[in-house]
Amino acid sequence: QVHLVESGGGLVQAGGSLRLSCAFSGTLFSLKTMGWYRQGPGTQRELVASINSGGAATYTDSVKGRFTISRDNAKKTVYLQMNSLKPEDTAVYYCNNGIGSYTWGQGTQVTVSS
């Protein structure tokens, strides 16, 4: 079974930056589309960024130009570089594959203060 461990969250001021990491244990990581999801207070979980096996990335409109997803297949890790953070980015951030079918990890809390 795939095991996902998110890390790197924290409390930052608006305009600050964080880099999230997602460690993947399992097989065939390099062939999978991976994504970052988030769920804020009173919101549904949403996909914010994804990256496919060829390195092509996609982002939800609200984070375009501010967030960058990347992957290191040798480390079986996916990253989310978050810059110019806004209070509305406050959420628990999770990683998963592109369809959210793996068992969800605990996530990592990102809190952006104004």
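The values are calculated or read from the model by the stated rules, or taken from the named source; none is laboratory data. Treat the numbers as computed from the prediction; the structure is a model and nothing was measured. For neighbour counting, all protein chains shown are included, and Cβ atoms are generated from backbone atoms with ideal geometry for every residue, glycine included. We work out accessible area using only protein heavy atoms, side chains counted, and drop any ligands, DNA or RNA first. Shrake-Rupley method; radii C 1.70, N 1.55, O 1.52, S 1.80 Å.
When Asp89 is tested against the conditions (1) closer than 19 Å to Ala14 by Cβ; (2) of a type in the set (D, E, K, R); (3) open to solvent by 40 Å² or more (accessible area, probe 1.4 Å), the lone failure is (3). Residues of region 92-114 being outside any loop (DSSP other than H, G, I, E, B) and either within 26 Å of Gln13 (Cα to Cα) or in contact with a Ser or Thr (Cβ under 7 Å, 6 or more places away or on another chain) (or both), which ones? Across region 92-114, the qualifying residues are Val92, Tyr93, Tyr94, Cys95, Asn97, Thr108, Gln109, Val110, Thr111, Val112, Ser113. Pairing each residue of region 86-109 that is under 26 Å from Gly54 (Cβ atoms) and of a type in the set (Gly, Ala, Ser) with any residue that is assigned to a strand (DSSP E or B) and open to solvent by 40 Å² or more (accessible area, probe 1.4 Å), provided the two are 6+ apart or on different chains, yields C-beta distances under 9 Å for Gly98/Leu47; Gly100/Leu47; Gly105/His3; Gly105/Val5.
Applying a threshold of 6 Å to beta carbon distances and a minimum spacing of six or more residues, or different chains, the list of pairs starting in region 46-70 at a residue that is on the phi < 0 side of the Ramachandran plot and among the β-branched types (Val, Ile, Thr) and ending at one that is open to solvent by 30 Å² or more (accessible area, probe 1.4 Å) and assigned to a loop (DSSP other than H, G, I, E, B) reads Val48/Thr60. Restricting attention to region 20-48, which residues are closer than 19 Å to Pro87 by Cβ and touching a Gly at 6+ places or on another chain (Cβ under 6 Å)? The one that is closer than 19 Å to Pro87 by Cβ and touching a Gly at 6+ places or on another chain (Cβ under 6 Å): Leu20.
Open to solvent by less than 30 Å² (accessible area, probe 1.4 Å), outside any strand (DSSP E or B) and of a type outside the set (D, E, K, R): is that true of Gly16 in this structure? In short, yes.
Applying the criterion of being β-branched (Val, Ile, Thr) and touching a residue at least 24 places away in the same chain (Cβ under 8 Å) to the residues of region 1-45, the residue that is farthest from Ile69 (Cα to Cα) is Thr43. Can you name the residue in region 25-76 that is assigned to a helix (DSSP H, G or I) and more than 22 Å from Gln1 (Cα to Cα) and, of all such residues, is least open to solvent (accessible area, probe 1.4 Å)? Ranking the qualifying residues of region 25-76, first place goes to Val63.
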